[in-house]
Structures are given as structure tokens and as C-alpha cells.
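Structure first, commentary second.
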Amino acid sequence: MSSKSSDAFERLVDLTATLRSPGGCAWDRAQTVETIRPHLVEEFHEVLEAMDVEDDEQLRDELGDLLFLIVFIARMAEEGERFDLTSIVEGIDAKLRRRHPHVFGDKEASTPEAVRSHWEKTKLTEKSHSGRTSILDGLPKDFPALLTARRLQEKAAAVGFDWDELSDVLAKVDEELAELRVEIADRRAEKYEEELGDLLFAIVNIARSLEIDPEAALRKTNLKFRRRFALIEHRFRDRDLSKVGLEAMDRVWNEAKALESDTKD
């Protein structure tokens, strides 16, 4: 970290301490780890949104908000004599050095796959992971399902449980889709959820094989849907949208697609 960056970070740490001091901000002093949790989740998702729209100014601002909350939580922990910011930094420094022996030691790992394999195996030997019995353990219970699926697959792949070729993954998707079609044709509603889950899991495997974050991909598709539907709403703003009809709305939808294509070109 440069001297300029170090000074800026130190000012943020001091500012946070001031906000939490008796003469500081009443709102900041009233916060606890539990009350700040929703703000942490919100800021994290705002960072992701800024990344999705590729807005560097927004991303810089949102990363600042997230960084402040990290420092803020560390300050609360220090006040409770639980741990402090220094121990956080020292802990991640030691962990990253330990998990990168190919950089800071004498191990060899020349591919991302080899690095991932070593990373997952090393985690199982660490004291903080001593209660885990499976390489698949340790994922947060409130992770989004798509992210959980991707991480489960990555962990299994790190020890060799993985498809050899993308074509195998694509074939698995075709297989799972065919099984869902059979259940739908037979009207076995009790099987729909299971088969759909299998299909989604297989699709996540495609994303992983293509080195795409499925959660990010779906977020971007959600944004695209919002943009295109907004054009429909604007075009028929003086009419009851429920009475416009699918055909007319679909024409506007296709116009929106064409506009996006022209913009990209």
C-alpha cells in the first residue's frame, strides 16, 4: 500500500472512531453488529450492481461504502475487546500467504485449477476449519442458491470430480431437460421441482465451465428484462397494459432488442 493510500485508510479509521465516540454521531453510536447487518448486505449488492452496469464512478463510491462498514464493524468489535482491525489485517495476510505456497513457498501450481485444488485442501487443515468433515462444508447457509451450486461444483472439481469436456456438460443439460419434459408430459407435478433443480444445477455447470458467474449472468439478464419492459410501458403509457395484448407488446420488445444490438455495434 502506498503512503498516500495508507494515510487515506488511517483517516477513515480515525473518522470511524470519532463517529463512535461519546461526542460523535448518535446514530453511529447506537448501532450494533446485528443492526448494521442489513446495511452490509445492502452495500454488498450495490457493489454488485455497479459492477454489472460497468460504472466505475458508482463502483468506486459503493466500494467506499462497503469499506466503511468493514472498518465500522471492526471498530465495534474493538470496543467490545473481541478483536481489532490490526488482527483482521494480520489474519488475512497470514491466510493468503499460507494458501499461496506457490508464490510465498516452494510448492508448484502453474494453473488456476492447481491453485484451486491446493486452496481447498489447505482449508481443511486449518484450525478454523477443524470441525469440517467434508470438502463441501463451510458454505454460508444464506448464500444464493446459484452461488452455492457453483461453489459446491468448484469444491468437488478441486479434487477431480468434474466433467472432462464442455460437451459433456451440455449433454447433461440436454439429459436433465429431457427428464423434466417427461415429468411434465406425464403430469407428475410432485417431480417438477426436483427435475427443475437438476436442470438448474447442470446449467450452473455450464457457467462454471465457461468461467461465468451464474449469479452475475442472471442479474444482468434481469437488468436487460427491466430495460426492455420499461420501453413497453413507455410506449403504451396511455393504455391499460393488460389490454394491449402479447403480440403488440412483443413487437416493442423486439424493437428494444434491435436498439440494444445497434448500440453494441
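Kindly evaluate Ala94 against the criterion of being part of a loop (DSSP other than H, G, I, E, B), within 30 Å of Val159 (Cα to Cα) and among the small types (Gly, Ala, Ser). When the stated conditions are applied, Ala94 does not pass them.
Suppose we filter Ala145, Ala158, Ala149 for residues that are in contact with a His (Cβ under 9 Å, 6 or more places away or on another chain) and hydrophobic (A, V, I, L, M, F, W, C); which single one remains? Show your work before the answer.
On the way: Ala145 fails: in contact with a His (Cβ under 9 Å, 6 or more places away or on another chain); Ala149 fails: in contact with a His (Cβ under 9 Å, 6 or more places away or on another chain).
The unique qualifying residue is Ala158.
Checked against (1) over 18 Å from the mean Cα position of the chain (by Cα); (2) touching a residue at least 40 places away in the same chain (Cβ under 8 Å), Phe236 passes all but condition (2).
Quick check on the stretch 218-265: of everything there that is closer than 22 Å to Val53 by Cβ and hydroxyl-bearing (Ser, Thr, Tyr), which residue is modelled with the highest pLDDT? Only one residue tops the list, namely Thr221. If you filter the stretch 134-150 down to residues that are outside any helix (DSSP H, G or I) and of a type in the set (Gly, Ala, Ser), you find that the one that is nearest to the chain's Cα centre (by Cα) is Gly138.
Going through (1) more than 30 Å from Lys224 (Cα to Cα); (2) at pLDDT 90 or above; (3) not acidic (Asp, Glu) one by one, Gly64 falls short only on (1). For the stretch 208-265, a residue qualifies if it is among the small types (Gly, Ala, Ser) and more than 30 Å from Glu113 (Cβ to Cβ), and the qualifying residues are Ala230, Ser242, Gly245, Ala248, Ala256, Ala258, Ser261. I'd like to verify a number: residues in the stretch 161-179 that are within 24 Å of the chain's Cα centre (by Cα) and assigned to a loop (DSSP other than H, G, I, E, B), how many? The total comes to 3.
Pairs meeting the criteria (first residue in the stretch 2-15 and at pLDDT below 95, second residue not in a helix (DSSP H, G or I), beta carbons under 9 Å, at least 6 apart or on different chains) are Phe9/Met1. Against the test of being among the aliphatic types (A, V, I, L, M) and within 22 Å of Ala216 (Cα to Cα), the options Ala145, Ala171 yield a single qualifying residue, Ala145. Pairing each residue of the stretch 100-122 that is without any contact (Cβ under 8 Å) to a residue 40 or more places away in the chain with any residue that is in a helix (DSSP H, G or I) and of a type in the set (A, V, I, L, M), provided the two are 6+ apart or on different chains, yields C-beta distances under 6 Å for Ala109/Val115.
Only one residue in Val89, Val115, Val41, Val13 is in contact with a Leu (Cβ under 9 Å, 6 or more places away or on another chain), β-branched (Val, Ile, Thr) and either surrounded by 12 or more Cβ atoms within 10 Å (Cβ to Cβ) or not in a loop (DSSP other than H, G, I, E, B) (or both), so which one is that?
Working: Val89 fails: in contact with a Leu (Cβ under 9 Å, 6 or more places away or on another chain); Val115 fails: in contact with a Leu (Cβ under 9 Å, 6 or more places away or on another chain); Val41 fails: in contact with a Leu (Cβ under 9 Å, 6 or more places away or on another chain).
Going through Val89, Val115, Val41, Val13 in turn, just one is in contact with a Leu (Cβ under 9 Å, 6 or more places away or on another chain), β-branched (Val, Ile, Thr) and either surrounded by 12 or more Cβ atoms within 10 Å (Cβ to Cβ) or not in a loop (DSSP other than H, G, I, E, B) (or both): Val13.
If you check Arg20 against the conditions, is it over 27 Å from the mean Cα position of the chain (by Cα), among the basic types (Lys, Arg) and surrounded by fewer than 12 Cβ atoms within 10 Å (Cβ to Cβ)? No; evaluated as a whole, the condition is false for this residue.
Residues in the stretch 160-192 that are within 21 Å of Val115 (Cα to Cα) and surrounded by fewer than 12 Cβ atoms within 10 Å (Cβ to Cβ): Gly160, Phe161, Asp164, Glu165.
The values are calculated or read from the model by the stated rules, or taken from the named source; none is laboratory data. Worth saying up front: this structure is predicted, and the values here are computed from it rather than measured. Reconstructed Cβ throughout: ideal geometry from the backbone, glycine too, with neighbour counts over all protein chains shown.
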